[in-house]
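The values are calculated or read from the model by the stated rules, or taken from the named source; none is laboratory data. This one's a predicted model, so the numbers in the text were calculated from it and none came from an experiment. Positions of Cβ are backbone-derived with ideal geometry, glycine not excepted, and every protein chain shown enters the neighbour counts. Heavy atoms of the whole protein, side chains included, go into the accessibility calculation; ligands, DNA and RNA do not. Shrake-Rupley method; radii C 1.70, N 1.55, O 1.52, S 1.80 Å.
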Amino acid sequence: MPSARDIAFIGCRLLALYFLYLAVLSIPQGLFSLSSAFGVGRPQGWQLIYEASLWLVLAMPILNLAMVLLLWFGAGWLSKEVAAGAPEAVSDWSPRSLLSVGVVLLGLILISFALPQIVLYLLYIADGALEAQTFQVHYLVSEIVQACVGIGLILGSQRITDFIARARRW
C-alpha cells in the first residue's frame, strides 16, 4: 500500500489536472472576449486596458493556471506538509482511516469549486458591482460558507471520523 504522503502527492497532481481541465474549458470564452475587445470599430490596443469585464473573464483561466502550477510543481512540498504526522505505509487500511481520507477529499472538492467563484465575485466587487442592481451578495456569502465548510472538513477530518464512529456504535 502507498503511504499517506504518496496518496497526497497523487491527489495534488490529480487536482492540478482538474484545474487544467477548467482552464482549457475557459479558453473559448477568453478568446471570444479578446476578439470582441479588439473587434471592428474599436480603438486598437487601448481597449484591453479599459475593459474591466475583459479582465474578469480572463481572470478565471489565469487563476486556474496558477492553481495548476502550484499543485503540480508544489505537490512534493504539499504532500509532505499534509501527511507530516501520518504513519508510513500500512499493509491494510482501517475503515476509520478510509473515512478520514473521504472527508478530506470532500473538503478539497468543496474548496476547489468555491475558490474560483469567490475570486470572481471579489473581482466583480472591485469593479464596482455592489452599486449595480444585478449583483447579489448572497451568492458570494454562499461560496464563502462552502469554502469554510471545506476547510473545516480538511482540518477536522479526524474529529469528524471519530464522531461518525461513535455515532455508529451508539
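Calculate the FRET efficiency for L65 and A165 from the Cβ-Cβ distance with a Förster distance of 41 Å, rounded to the nearest 0.05.
Details: r = 40 Å, r/R0 = 0.98.
The computed FRET efficiency comes out at 0.50.
Quick check: pseudo-label points 7 Å beyond the Cα along Cα→Cβ at L98 and E81, how many nm apart are they?
My value for the distance between the label points is 3.0 nm.
What part of the accessible area of the range 68-120, given as a whole %, is carbon or sulfur when the probe is 1.4 angstrom?
Values: 2450 of 3300 Å².
Carbon plus sulfur share of accessible area: 74 percent.
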